[in-house]
Amino acid sequence: MSQVFGDLVQQAKDALERAGIEGAAREARILAAKAADIPVDRASLSFQEVVAREAQSKLEAFIASRVLRMPLSHITGTRAFYTHEFTVTPDVLDPRPETETLIETAFESDFQHVLDLGTGSGCILLSLLAACPDAAGVGTDVSHRALDVALGNAARLELSDRCLFLTSDWYSDVEGQFDLIVSNPPYISAEEMEDLQPELTHEPRQALTDEADGLSAYRKIIPGAGAHLRPQGRLLVEIGWTQADQVAAMFETSGFTNVNVAPDLDGRDRVVGGIWPGVEAIFPQIRPISALFA
């Protein structure tokens, strides 16, 4: 007996609801569409289409993985972020909607050269470059596997000629100066890891937590940024929603001006940013070399 696509969707929905998966109806359409090789945007119009016999076994495997709380993006292999689809694997952090706040904040000022620290899938850097045809950038990560994912995403978005990916522990192998530095570092404390959603156990732990108080990465990124920013360049970092005061204080202590906090769509503190004034602003008593010849 032939099976239609709508049967697969219902089967997936029932199984996901029994497992307590939020958004079961939406996820059921996505999983069934992948199993039946139907574009997700055509799922609602394809309920009466007859599907291939192997779609059933594929869907059963997808459901089994999702019930074990494997992230949906790891099953489908992609995640929608900002205006593009990105390849996602267990080697990179699953891009989340709140990180789009970092993208929107970056667009508040012009930039040509951007550095993305801890790039993962490359979704932040590549989203910025895709929207700014004249910009170029560098993405760094300590994970070779993560950089392979980022390289693949750059190629698929036809951005390879405008970006470079480096294996680097924050700034350790970075040269040059940039108009903009961005980062979504691991900011979950070791204590908080115990209470996170089970889906996060499938993501790289080092991209989530510093195994300490959640602030270790900022203690390296913020003081080190000045050496890699042009005067009036900006540093933007994503934060946990309770960390704004502590991270903003690090910006001010390190010499940044116009330090501000941007909320995400849920109204929670999400991005801290500041402007690097340059050496002359911090040490006004030192005259620029050019002034000696004026």
Footprinting exposure proxy for C163, C123, C132 (fewest neighbouring C-beta atoms within 10 Å first): C132, C163, C123
Hits among aspartates and glutamates - C-alpha to C-alpha of K58 under 20 Å, sequence gap 8 or more where chains match: D7, D14, E17, E27, D37, D41, E49
Per-selection Kirkwood Rh - the range 5-68 (Cα, Å, 1 d.p.): 11.3
FRET efficiency, 1/(1 + (r/R0)^6) with R0 51 Å, evaluated for D37 and D134 via beta carbons: 0.85
For the range 119-178, size of Cβ-based charge dipole, Lys and Arg +1, Asp and Glu -1, in debye: 200
Charge-dipole axis of the range 170-289 as Lys and Arg at +1 and Asp and Glu at -1 on Cβ define it, positive-most pick from H228, L208, V247: H228
Exposed-site-free run, longest, the chain (rule: chymotrypsin sites (Phe, Trp or Tyr not before Pro); DSSP loop; at most 16 other C-beta within 10 Å): 108-240
Nearest-20 debye value, the range 47-92 charge dipole, Cβ charges on Lys, Arg, Asp, Glu: 140
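None of the figures in this text is laboratory data; all of them are computed from the coordinates on show. Since we're looking at a predicted model, the values are computed, not measured. Positions of Cβ are generated from backbone atoms using ideal geometry, with glycine treated the same way; all protein chains shown enter the neighbour counts.
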